[in-house]
Amino acid sequence: MIQVFNAINNAFCNFFGINSYIQGVVVLMCVNIIAVLGMSVLTGFTRLFSFGNAGFMSIGAYAVAILTVRYHVNFLLAIVLGSAFAGLVAYLLGSITLKLHGDYFLITCLGFGECVRVLFNYTKKLTGGSAGFPGIPNYSNMLFAVICAVLAFFIAWRFIHSKYGRNLTSVRENELAAEAVGIDAFRFKRMSFTFSAIYAGWAGALYGGYLMYIVPSSFNLAKSCELITTTVIGGLGSLTGSLLGAIIVTLLPEIFRGLANYRMLLYGIAVVLIIMFKPSGLYGYKEFSLKRFIANIKKLFGGKKPAAGKEAE
Amino acid sequence: MNKETASVPVLEMQNVEKHFGGVHAIDNFSVKIEHGRIHGLIGPNGAGKTTIFNNITGIYAPDSGKIFFLGKDITGSSPHKVAQLGIGRTFQNIRLFSNLSVMDNVIIASNMDATYNMPQAIFHTAKYKEREKHLNDKAMNLLEIVGLQDKAAERANSLPYGHQRKLEIARAMALEPKLLLLDEPAAGMNADESLELVDFVRQIRDRFDITILMIEHHMDVVTNLCDYCTVLNFGKTIAVGTPAEVKSDPEVIRAYLGGNE
């Protein structure tokens, strides 16, 4: 099945002349998109900060690696199971930690992410320890990754634009008022946390299937921070903003290859600049709409300058 | 008025006490509110009125005493459970979902009508569409009643103060409550506005056939609107009766005007 998929992908890429470097960048972009969408639901729509989502990524990646390599499970089923397992862990962790407010929840997540990484380092028999887990089947080709990202965006969009998303947002806006209209804030926070972990697990699974080899240190605190900063740069409370953020954060280091060593520095500067000049992020609290975009373009060329400035805000 | 519900009081509080450290926020508070009544809760600042609301709605659990809603014991239930049973409330310092649209504020409050599940939401099934349409119609209808239908798409925090108060009431009504708790609905309003509010609250009561418990400082609002009222001072109940009765009560006059014996 994987061979068939890869053959289709190769035919597609050959036809359009997409080389393997670009394919790789697109796969990594899709991995980031999926993980950041999960983060966006958690941070942007529920206002919960988790510095442990790289931990959920590694749970997804390792679960799929173990299932496909050791137990020869079909990779599609393995991805579903791996993501679901990451979600289950989040559900249980959320059940005991989401009663904590603000910083305390953030710190438990941070601790959790580090625990997972150390755990995978020490369980050598199961995970290969710090030497890594080799031999993962190469199922994450470009086409598959793009399909996953599109599907992930579609599901997140429908989720956010239903009662679930509304209830999460109400908890973000005012928890007491949400409770006063019959919304179980704890339950919806846990739902959001589980959702973000499922997405993180899914992203991790794709990542493993692309590199065919995973080590615990790829899922460290820096990765968790990167997910959060990407979400903030893209804009809180906006799925299209997160999409844009993930694309930018993946592409920029590729474009500025020579500056790769300064990546974290550039992230830091980007976040500081955004907090200073556009605190809600590139696309905060609103979704990209083609209609409004066309209207803005028209205005730009129609010469009605004063209105354009207001729209862009 | 429905005869059956009239026999059980909508809200009954028996000897409710709440202490914060050494402070008796509410001391041995009892009240019985019949269906369709508008009951006022008055008293100087710090008398424990909002604490009573918070005990009813589950934000605090009382230290002792019992609270019954339509005969059901709700003492110490969590806030969302109390709301789901049918107690809507507004807040003294308005608590809207500020960054969301006026419409969404009301739609969120009717979340109990959104009976579809996750797969139905993701695949936009007929049930999802039917429910979402129902929610939209219901919210629009409520906004029309409070006169905010033209502002449906605006952000809640962009509304003027008086409209925000009305939106908060519309949001509470989206729960289809049997009991509505209003925490100082006339706060910050001038005489004309509070007169309008009196009409508005009475209209809501008649239209939805609900019972109302309200905290209010403006005596003219209380006199015009309430069937009964309870006067509190330092957590203690100092008078109960019709507005006219309590207004002439010497204890009440002393509490309000400050001990001119």
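The values are calculated or read from the model by the stated rules, or taken from the named source; none is laboratory data. Since the model is a prediction, treat every value here as computed from it, not as a measurement. Note that each Cβ is placed from the backbone with ideal geometry, even for glycine, and that neighbours are counted across all protein chains shown.
Of note:
- Selection status of B:Lys81, among the charged types (D, E, K, R) and over 24 Å from A:Lys99 (Cα atoms): no
- Flag for B:Ala186 being buried (at least 17 other Cβ atoms within 10 Å of the Cβ) and part of a helix (DSSP H, G or I): no
- Evaluated against (1) closer than 26 Å to A:Leu106 by Cα; (2) without any contact (Cβ under 8 Å) to a residue 60 or more places away in the chain; (3) within 14 Å of another protein chain (Cβ to nearest Cβ); (4) surrounded by 19 or more Cβ atoms within 10 Å (Cβ to Cβ), A:Ile233 falls short on exactly one condition, (3).
- Per the listing B:Asp73, B:Asp137, the residue uniquely of a type outside the set (Ser, Thr, Tyr), farther than 25 Å from A:Phe186 by Cβ, more than 7 Å from every other protein chain (Cβ to nearest Cβ) and surrounded by fewer than 16 Cβ atoms within 10 Å (Cβ to Cβ) is B:Asp137.
- In segment B:196-255, the residue that is surrounded by the fewest Cβ atoms within 10 Å (Cβ to Cβ) out of those that are of a type in the set (S, T, N, Q) and in contact with a strand residue (DSSP E or B) (Cβ under 7 Å, 6 or more places away or on another chain) is B:Thr242.
- Tally, over segment A:117-156, of residues that are buried (at least 16 other Cβ atoms within 10 Å of the Cβ) and within 14 Å of chain B (Cβ to nearest Cβ): 4
- Condition met for B:Ile94 (in contact (Cβ under 8 Å) with a residue 60 or more places away in the chain, surrounded by 14 or more Cβ atoms within 10 Å (Cβ to Cβ) and touching a Pro at 6+ places or on another chain (Cβ under 8 Å)): no
- Within segment B:56-85, the set of residues being of a type outside the set (Ser, Thr, Tyr), farther than 14 Å from B:Lys178 by Cα and assigned to a loop (DSSP other than H, G, I, E, B) comprises B:Gly58, B:Ile59, B:Ala61, B:Pro62, B:Asp63, B:Ile74, B:Gly76.
- Pairs linking a residue in segment B:11-30 that is part of a strand (DSSP E or B) to a residue that is of a type in the set (Phe, Trp, Tyr) and surrounded by 14 or more Cβ atoms within 10 Å (Cβ to Cβ), with Cβ atoms under 7 Å and 6 or more positions apart or on different chains, are B:Leu11/B:Phe69; B:Glu12/B:Phe68; B:Met13/B:Phe29; B:Val16/B:Phe29; B:Lys18/B:Tyr60.
- Hits in segment B:138-173 (condition: small (Gly, Ala, Ser) and within 17 Å of A:Leu176 (Cβ to Cβ)): B:Ala156, B:Ala172
- Qualifying position, being among the aliphatic types (A, V, I, L, M), more than 9 Å from chain B (Cβ to nearest Cβ) and surrounded by fewer than 22 Cβ atoms within 10 Å (Cβ to Cβ), among A:Leu227, A:Leu211, A:Leu168, A:Leu239: A:Leu211
- Selection within segment A:23-72 - of a type in the set (S, T, N, Q) and either out of contact with any Lys or Arg (no Cβ under 6 Å at 6 or more places or on another chain) or under 22 Å from A:Leu251 (Cα atoms) (or both): A:Gln23, A:Asn32, A:Ser40, A:Thr43, A:Ser50, A:Asn53, A:Ser58, A:Thr68
- Residue match in segment A:254-277 (condition: within 27 Å of A:Val26 (Cα to Cα), touching a residue at least 60 places away in the same chain (Cβ under 8 Å) and assigned to a helix (DSSP H, G or I)): yes
- Filter result for B:Glu176 (at positive phi, surrounded by fewer than 19 Cβ atoms within 10 Å (Cβ to Cβ) and either more than 17 Å from the chain's Cα centre (by Cα) or in a loop (DSSP other than H, G, I, E, B) (or both)): yes
- Some residue of segment A:150-171 being touching a residue at least 40 places away in the same chain (Cβ under 8 Å) and not hydrophobic (A, V, I, L, M, F, W, C): yes
- Sole residue being buried (at least 18 other Cβ atoms within 10 Å of the Cβ), touching a Leu at 6+ places or on another chain (Cβ under 9 Å) and modelled with pLDDT under 95, chosen from A:Leu67, A:Leu37, A:Leu110, A:Leu42: A:Leu110
- Filter pass, B:Gly88 being facing another protein chain (nearest Cβ under 9 Å), of a type outside the set (D, E, K, R), touching a residue at least 12 places away in the same chain (Cβ under 8 Å) and part of a strand (DSSP E or B): yes
Yes/no matrix, rows are residues, columns are (1) surrounded by fewer than 21 Cβ atoms within 10 Å (Cβ to Cβ); (2) touching a Cys at 6+ places or on another chain (Cβ under 6 Å):
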| site | (1), (2) |
| --- | --- |
| B:Pro9 | yes, no |
| B:Asn15 | yes, no |
| B:Gly21 | yes, no |
| B:Ala25 | no, no |
| B:Ile38 | no, yes |
| B:Phe53 | no, no |
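- Restricting attention to segment A:173-192, the residues being within 9 Å of chain B (Cβ to nearest Cβ) and either crowded, with 24+ Cβ neighbours inside 10 Å or in contact with a Cys (Cβ under 9 Å, 6 or more places away or on another chain) (or both) number 6.
- A single entry from A:Gly52, A:Gly60, A:Gly24 fulfils the requirement of being among the small types (Gly, Ala, Ser), modelled with pLDDT under 95 and buried (at least 24 other Cβ atoms within 10 Å of the Cβ): A:Gly52.
- Inter-residue pairs, beta-carbon under 7 Å, first within 12 Å of chain A (Cβ to nearest Cβ) and in segment B:158-179, second of a type in the set (Ser, Thr, Tyr) and not in a helix (DSSP H, G or I), 6+ apart: B:Glu168/B:Thr90; B:Ala172/B:Thr90; B:Ala174/B:Ser110
- Matching option when the condition is within 23 Å of B:Val16 (Cβ to Cβ) and over 19 Å from the mean Cα position of the chain (by Cα), among B:Ile253, B:Ile210, B:Ile215, B:Ile238: B:Ile238
- Single residue of A:Phe195, A:Phe159, A:Phe219 found to be closer than 24 Å to A:Gly111 by Cα and within 14 Å of chain B (Cβ to nearest Cβ): A:Phe195
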